[in-house]
1. What average count of beta carbons from other chains do you get within 10 Å of the Cβ of residues in A:279-286?
2. Using only the Cα atoms of the range A:108-179, construct the convex hull and provide its projected area averaged over every direction, in square nanometres to one decimal.
3. Give me, ordered by chain and number, the residues 5 or more places off B:Ile370 or on other chains with an amide H under 5 Å from its own placed amide H.
4. List every residue whose amide H lies under 5 Å from the amide H of B:Leu185, counting only residues 5 or more places away in sequence or on a different chain, with H placed 1.01 Å from N in the peptide plane.
5. Ordered by residue, what ³J(HN,Hα) values in Hz, to whole numbers, does the range A:29-40 give under the Karplus form 6.51 cos²θ - 1.76 cosθ + 1.60, where θ = phi - 60° and Gly and Pro are x?
6. Specify the angular offset, from 0 to 90 degrees and rounded to the nearest 10, of the alpha carbon long axis of helix A:235-248 from the longest principal axis of the alpha carbons in chain A.
7. Along the range A:89-101, what does the Karplus equation 6.51 cos²θ - 1.76 cosθ + 1.60 (θ = phi - 60°) give for ³J(HN,Hα), rounded to whole Hz, x for Gly and Pro?
8. Most fluctuating residue of A:Leu287, A:Leu15, A:Leu177 in a GNM of chain A with Cα springs under 10 Å: which is it?
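Just so it is clear, none of the values below were taken in a lab; they were calculated from the coordinates. Owing to the predicted nature of the structure, the values given are computational and were not obtained by experimental measurement. Virtual Cβ from ideal backbone geometry, glycine too; neighbours counted across all protein chains shown.
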Amino acid sequence: MCFTQNFWSLFIGGLANGCLYALIAIGYTLVYGVLRLINFAHSEVFMAGGFAGYFILEGMVGSRQPQGLSEVGFALLGILGGALAGGVVAFFLERVAYRPLRRRHAPRLAFLISAIGASYFLFNLAGKEFGRDAVEVPVTFTGTLFTIFGAQVQSYYVLIAVSAITMFAFLDRVVALTKLGRGIRAVAEDAETASLMGVNIDRVISQAFVLGGLLGGAAGFLFGISAGVVYTMGFTPALKAFTAAVLGGIGNIRGAVLGGLTLGVAENLPSACVGASWRDVVAFGILVLVLLFRPTGLLGERLGRSA
Amino acid sequence: MNRREGQGETGAGQAGTGVLTRTSPGGQTDEPVEPRQSRWQRLLAARNFRRAVGCLVGFVVLAVMLGPEGSATAPLSGITGSLWSPRVLIFIGLGLAAWAIMTAQSRYGASIRQATKRVTSAPRRLVPDQRARYGLYIAAIAFAVIVPMHISSYWQGVLVEQIGIYVLLALGLNVVVGFAGLLDLGYVAFYAIGAYTAAYWSGALPVHPPITLSMFWIIPFAILSAMLAGVILGTPTLRLRGGYLAIVTLGFGEIIEIVATNLGGFTGGAQGALGIPHFRFNILGLHYFWGISQLPYYYLLLGFVVISMFAFWLLDNSRVGRVWAAIREDEVAAESSGINVLKYKVMAFAIGASTAGFAGLLTASQISYINPGDFTVQVSILVLVLVIFGGMGSIWGAVIGAALIEYFQWFLQVHPLFGYQPQDLYMYLGALLVVMMIFRPEGIVPSRRRKREIGLAEHGVGTADALSESYGQAV
């Protein structure tokens, strides 16, 4: 096969991309868990994270290139800023595009349309306010850190892996142990019963959006480090992250992580044979195949038992 | 399954509290009555206060939308530039005015509606019977035939390339979104397939067809190939819950552009296909050639639009149309009554696709040049906005919505009022979608049946769409 000769470097690159897909996919899965709706505007949460991280670093670093430990520090700052921006955007998104419709018990077609509208509004607004050309984040993480099976591992991959794993672990514990997580699980299991038991559904839904937004925003910044930040950056990664969420079993947080990693690798290996421009087509093919043969995903939809 | 349970399963928000507060359909009580609220909570929950905040925030956002552009080096300059004091005061004033109007409307709405009803029902009194309505249709067609002769060539071009094509596209998407209640975001893919089919059979692509055909003969090929693509894509995905259809079609719309760009040997790649012939016919010595002038194309399009309007009207009032209504209103009940739901969903999807394919052929022939950049996902979103704005499920809605939005878009291109910039079009359209969904989901020319369905769905009866998700895990 054409990908056998540099299998490991493709594999590792795929895993790194997969971590980002997983971070975004968790946002889809959380919202799907509590609302049974695909949040079409999640791509813009991701984009907001990219811009916030970029502006923070641009303001603090300027044009000079930070090195060594300070680079890591700035990256952490960018991740934090991205996460916060993602959370804020997700919060307002729920307030404006979802809550008025929920109050009215609108048909779910209306939710999907309103979310698509919000998505187009947000990314074009970003294009208007922040310019339409891609900008580069002042931290790069290009150096090779170590070699494994002959594959060079860039420090960028390590940064992604470490921060993503930290966030996965954090989220997993939040959902499993805290009151917030219990609320999300309860609503995902049965919204009506949960509300009868005194769970404030409005608040839980809002929290699920924000939690997903935090991770999506952080992923936006991490993605921007290598690919640059531009107002349309959300579309393709978000579509793939949705594929990842379905692949793992939508509504299932661990499934989203597994699905993200699987998709990252699965789209990267064949792209060595057919060329990188076909990578998106491969990912889309995977989505269609999953929907055809295993619509419940790898781990199954464990709505409500997501931790 | 118990209907109320079905609604609760969706988790569409406060299903539980909704049952308690929504006393009767059309009742005035919107506010959840919750015990033990602090004063702040009461103030924030008060509908009036919420509305005031909404109006103010909305108009400040509008101020930013209409304001100057920013850039990556000065990210806040656009926003601060939009919010300099006298300007923002104007928008705050407008916001307060909107709030006052909405408050007055909710307080005195009933009496205002009664007063306006006398005015709005006047046309209906003028056209009391079916025959008079046919007269109105004929007048509309006469208007559409005569007026374009007397406008500038710029507007004739807009009329053909923008309004006419998009009216046709909106009519087709209306079958999918309006009649069948599905969400298709990859509509552009079928448009592209129609255009590339036209290019293929006319010999404009790098690969050559067995015989080169004239445009009229290609019409069935374009329609059939788009329809086939619709069936192939629709059959697996329409089995699944509706949100998946939306995202799969979105992905399909995205990759069709990638495929068209990267399959250079077949589609001509990023350069596209050049020299697609114009329409012509030559029967029994009668021959006519549609050249580069716009007016003949306009009449060709007008003919096709009128034919499809009539065909879709027949369809909507046929057995198939009633099946679609049944699926929208209660999919489980429809299925229990022996309706093959999948078949009818695929049918709607394929009809929409074939209309788009046909529109693609018309565009390709009229502009005689296509490239992948004409078929971005944005086109799908634009057509969706046209359908939603006009009114889901309403044929006249699709036509009027498409004509209005396209007209304003091109009007603003020539006369940039309020600091409108063409590259911000999709920002306004996105905002329009959200606003429509919040305030007027049935559109400006609502289909009466669709409007009632949405109202009923909001009171927990039926679904008003065919997303088949209200019934738990219907995978």
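1. Taking the mean over all residues of the peptide, I get 3.
2. That works out to 9.6 nm², a quarter of the Cα hull's surface.
3. Under 5 Å from the amide H of B:Ile370 lie the amide H atoms of B:Ala273, each far enough along the sequence or on another chain.
4. B:Thr249, B:Leu250
5. Each residue's phi maps through the Karplus curve to give 5, 5, 5, 4, x, 8, 10, 6, 9, 7, 8, 5 Hz.
6. For helix A:235-248, the angle is close to 70 degrees.
7. Result, ordered by residue: 4, 4, 4, 5, 4, 5, 4, 8, 8, 10, 4, x, 6 Hz.
8. Of A:Leu287, A:Leu15, A:Leu177, the most mobile in the Gaussian network model is A:Leu177.
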